[in-house]
């Protein structure tokens, strides 16, 4: 259930992120005028983003696994849920301070410059590379997804969570790259209102999971690696 939530998070987040990544998707070059070339190029671009998110899942999964081995998975899950709730409640002007940080601006500028160079090539491989780099652009929803992935405490599950997150973004992003103004302003406003609610629900799930209440699926009893090792040794 937790892993599958990555798919839902990706789908909902993609509707929100069209405002930022939509212009890139719409401007993607095409060497041939054929529809096959157009569709395959857009698909490669989106698969590039999925690869990036999966690699992020691998890295964050290794971190989460180490935390789980230390017996801190429950604390991490509660802390991440609390942080997400705090961020949701923060005023927009405070949230915008993050994007104004020098390191964020430098990273964004380097990525945008590299994407610009790939745009000039226009090959299918360059479209895939654009997607890979696009996945590294600062995005609040990707950070929420990474928080969900690290809380899983497993490398494999973290990779799967982020891969599903990426796949969840494809329907909206692929459609937006083909059809101009597919999602109207009113629709995006409704999505923007729904996103904090969804993020809050996810945060509450993190907190409940960390509380270890023994509720099936929602807050199951977690057995830490230390407990499992102790149990095996006592057999």
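The values are calculated or read from the model by the stated rules, or taken from the named source; none is laboratory data. These numbers were taken from a predicted model, which means no experiment stands behind them. As a convention, Cβ positions derive from the backbone with ideal geometry for all residues, glycine included, and neighbour counts pool all protein chains shown.
Annotation note: of 137, 127, 146, 211, the sole residue that is in contact with a strand residue (DSSP E or B) (Cβ under 9 Å, 6 or more places away or on another chain) and at pLDDT 85 or above is 211. Looking at residue 80, is it part of a helix (DSSP H, G or I), crowded, with 17+ Cβ neighbours inside 10 Å and either at negative phi or touching a strand residue (DSSP E or B) at 6+ places or on another chain (Cβ under 9 Å) (or both)? It is true that residue 80 is part of a helix (DSSP H, G or I), crowded, with 17+ Cβ neighbours inside 10 Å and either at negative phi or touching a strand residue (DSSP E or B) at 6+ places or on another chain (Cβ under 9 Å) (or both). Of the residues that make up segment 19-29, is at least one touching a helix residue (DSSP H, G or I) at 6+ places or on another chain (Cβ under 9 Å), surrounded by fewer than 19 Cβ atoms within 10 Å (Cβ to Cβ), closer than 16 Å to residue 141 by Cβ and at pLDDT below 90? Scanning segment 19-29, I find at least one residue that is touching a helix residue (DSSP H, G or I) at 6+ places or on another chain (Cβ under 9 Å), surrounded by fewer than 19 Cβ atoms within 10 Å (Cβ to Cβ), closer than 16 Å to residue 141 by Cβ and at pLDDT below 90, so the answer is yes.
Does residue 151 meet the test of being touching a residue at least 24 places away in the same chain (Cβ under 8 Å), farther than 21 Å from residue 54 by Cα, surrounded by 14 or more Cβ atoms within 10 Å (Cβ to Cβ) and touching a helix residue (DSSP H, G or I) at 6+ places or on another chain (Cβ under 8 Å)?
No, not satisfied.
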